[in-house]
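Working notes for the structure below.
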Amino acid sequence: MRRDWPSHAESVRRGRGLSIRVNLEKEFDEEGASFTSNSFEGLDVRDGGSGDKFADSEEREVVTGARGVLDDLCEIWGWILNEKLHIPQMERNLYSAILVVPETFDNREIKEMISIILRDLRFSSIVVHQEGLAAAFGNGLLTACIVNIGAQVTSVICVEEGAVLPTTCVILPFGGEDVSRCLLWIQRHHQAWPSIRTDPLLKHVDLLMLNKLKQSYCQIREGDLDAAAVVHSFEDGMPVATHKTRLTALNVPPMGLFYPLLLVPDQFPPPPRSWFHDYEYMLDDTGHMDFPRRPDMSDGLFVGLNGGLSMGDHYSAFPTRMKKEDNLGLAEAISKSILSTGKGRIDLQRKLFCSIQLIGGVASTSGLIAAAEDRVLHAIPSNEAIDTVEVLPSRTDPTFVSWKGGAVSKSFYCILSSLPRVT
C-alpha cells in the first residue's frame, strides 16, 4: 500500500492550523529575544541551586568537561557565522535561529545551547525542534514513525499531525559505529583482515576507514556477499600503508540492527555513554543550574527555557526521562513505539506502520528498507489488527533530511508571525 507524499505547500498549510495548539507551540518574548518550542513536553524548570549538588569530585569533573565542550561549541558556531556566513555579531539581532537536537539530549544540554545562541551569539529568537520532527518535515510528512540510526544510538519516535508523541520514544544503545566494529570482527573471524593493528575504539582514523568500507560494501541480501577492497593501516610515525584483501560476509554487519548480539558487544564494547545511567540529578533536577544573564536583561526576565516568563513560572517543554532498551532489535523497537500510542488508536497505528521513515547514515544501506518492512510486520503481536507495513523512501539524503526539515519549518513561523494574536 503506497501513500501519497504531501507537498511542502500542503504541509505548511496544514501546519498553520495546528501550530497554535498548546502542546505544539509555546512562545515568549524578552526584550527582542524569543524562544519557541515545537517538539518537547514535560520539562519542569526551577531556578535555585543546591550547594552540595556536585560535591562528588567525579561529578564535578563531568560538569567541568561539559563546560569545555560548550565553550568549544560557541567558538565553532561563532567562527562559522563570521568567516563562512559573514554574519557579524552586530547584525545577528536581525536573524532567528532554528536548533535541531537529537532525542537523546538531556534538558541541561538543551538549556545551555539555547543560552549560547541567545546570549553569546546574540540571535533575536530561537525555535527548537527534535530531530525526529524535523525529519518528518524534511520529507513533507506530518504523521510518521521516525527511526534515526545515529552513530552511537538509534532512536524511534512517532509524530502525529506535526506534534511529537513523547511516550513513543524508544532508545537503542547501538548505531552505525557498532555496525562498523562488527564488520571488523567478522573479517578477523574469517581471517580476511590483513595483519595490521586496527583499533576503532582508540584510533578515530581507523573508525573512519571502517565507516567508509561499511558504506561502500555492506548491504542486506540473501546468499554470500564478498568484495575486493583496499584497507589502510595508520601507524604512528609511519606512512599510510595500503593492503588489498577480499572482505566476506558483508551482509551480516547491518543485520546486527535487527539482532543486536551480532554486534559482538563483548568483543568490541562501545564507548561508555554516561547519560544512559539515568542519573536523577541529570534528568529530574535539570533546572538546578545557574545560567549567566545578558547585561541588558532585567531582573524579572531571563533567557533560558524560562525565557520571558518570570522565574516563578514553570515552562514545560521537554521530555523528563529517557531510558534505553538493551535487548530490543530495530523491528521490535519500531513495533513497541507505534503500539505505545495506546489502545483504541488503531487508525493512527495503521497510519504509522505505513509511514515509517529511516534516517541517518546507515539508512542508505542497500536492502535495509525491505528487511525492515518484513521484520517489523513479523514483530507485530498477532492480536493486533495490523497487516501492512511500509517504510517510505526518503525524498532527500537521509543523512541531512533533518536539516532540510529545520529549514522547511521556518515557513510555519513566518506564517504564524503574520497572523493576528488572539487575546
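Return the only residue of Asp226, Asp236, Asp206 being among the charged types (D, E, K, R) and modelled with pLDDT under 90.
Answer to the check: Asp236.
If I filter segment 204-250 down to residues being touching a residue at least 40 places away in the same chain (Cβ under 8 Å) and of a type in the set (Gly, Ala, Ser), which single residue comes out as nearest to Ala372 (Cα to Cα)?
Top of the filtered list is Ala249.
So is Asn82 in contact with a Lys or Arg (Cβ under 8 Å, 6 or more places away or on another chain) and at pLDDT 50 or above or not?
Judged against the criteria, Asn82 is not a match.
Is it true that Val128 is surrounded by 21 or more Cβ atoms within 10 Å (Cβ to Cβ) and touching a residue at least 24 places away in the same chain (Cβ under 8 Å)?
So Val128 passes the test.
If I filter segment 221-238 down to residues being more than 32 Å from the chain's Cα centre (by Cα) and outside any strand (DSSP E or B), which single residue comes out as surrounded by the most Cβ atoms within 10 Å (Cβ to Cβ)?
Only one residue tops the list, namely Asp226.
I'm trying to understand the selection: among the residues of segment 152-202, which are in contact (Cβ under 8 Å) with a residue 24 or more places away in the chain, farther than 21 Å from Val362 by Cα and in the same structural domain as Ala241 (by TED's automatic domain parsing)? Give the steps one after another, and end with the answer.
Step one: list which residues in segment 152-202 are in contact (Cβ under 8 Å) with a residue 24 or more places away in the chain, which gives 152-187, 190, 192-194, 196-198, 200-201.
Right, trim to farther than 21 Å from Val362 by Cα and you get 159-168, 190, 192-194, 196-198.
His190, Ala192, Trp193, Pro194, Ile196, Arg197, Thr198 - these are the residues of segment 152-202 that are in contact (Cβ under 8 Å) with a residue 24 or more places away in the chain, farther than 21 Å from Val362 by Cα and in the same structural domain as Ala241 (by TED's automatic domain parsing).
Give segment 327-357 a look and list any residue that's among the polar types (S, T, N, Q), surrounded by fewer than 19 Cβ atoms within 10 Å (Cβ to Cβ) and assigned to a helix (DSSP H, G or I), or say none.
If the condition is that a residue be among the polar types (S, T, N, Q), surrounded by fewer than 19 Cβ atoms within 10 Å (Cβ to Cβ) and assigned to a helix (DSSP H, G or I), then no residue fits.
Hey, can you tell me all the residues within segment 104-135 that are under 17 Å from the mean Cα position of the chain (by Cα) and of a type in the set (Lys, Arg)?
Arg108, Lys111
Specify which of the listed residues (Leu225, Leu250) is hydrophobic (A, V, I, L, M, F, W, C) and under 30 Å from Thr104 (Cβ atoms).
Leu250
Please return the ranges of helices (runs of 4 or more DSSP H) entirely within segment 87-198 where 2 or more residues are at pLDDT 90 or above and under 17 Å from Ala407 (Cα atoms).
Passing ranges, in order: 131-138.
How many residues does segment 239-265 contain that are of a type outside the set (Ser, Thr, Tyr) and assigned to a strand (DSSP E or B)?
Looking only at that region, the number is 5.
Only residues that are of a type in the set (A, V, I, L, M, F, W, C), in contact with a Ser or Thr (Cβ under 7 Å, 6 or more places away or on another chain) and farther than 18 Å from Ala136 by Cβ: list them for segment 324-370, please.
Leu330, the sole residue that qualifies.
I'd like the full set of residues that are more than 19 Å from Glu235 (Cα to Cα) and assigned to a loop (DSSP other than H, G, I, E, B), limited to segment 199-220.
Once the filter is applied, which keeps residues that are more than 19 Å from Glu235 (Cα to Cα) and assigned to a loop (DSSP other than H, G, I, E, B), segment 199-220 yields Cys218, Ile220.
Each row is one residue, and each column tells you yes or no for (1) at pLDDT below 90; (2) among the β-branched types (Val, Ile, Thr); (3) assigned to a loop (DSSP other than H, G, I, E, B).
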| site | (1), (2), (3) |
| --- | --- |
| Ala363 | no, no, no |
| Glu373 | no, no, no |
| Val376 | no, yes, no |
| Pro381 | no, no, yes |
| Ile386 | no, yes, yes |
| Ala407 | yes, no, no |
| Cys414 | yes, no, no |
| Ser417 | yes, no, no |
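The values are calculated or read from the model by the stated rules, or taken from the named source; none is laboratory data. The shown structure was predicted, so the numbers you read here are calculated from the model rather than taken from an experiment. Quick reminder, even Gly has a Cβ in these numbers, built from the backbone with ideal geometry, and neighbours come from all protein chains shown.
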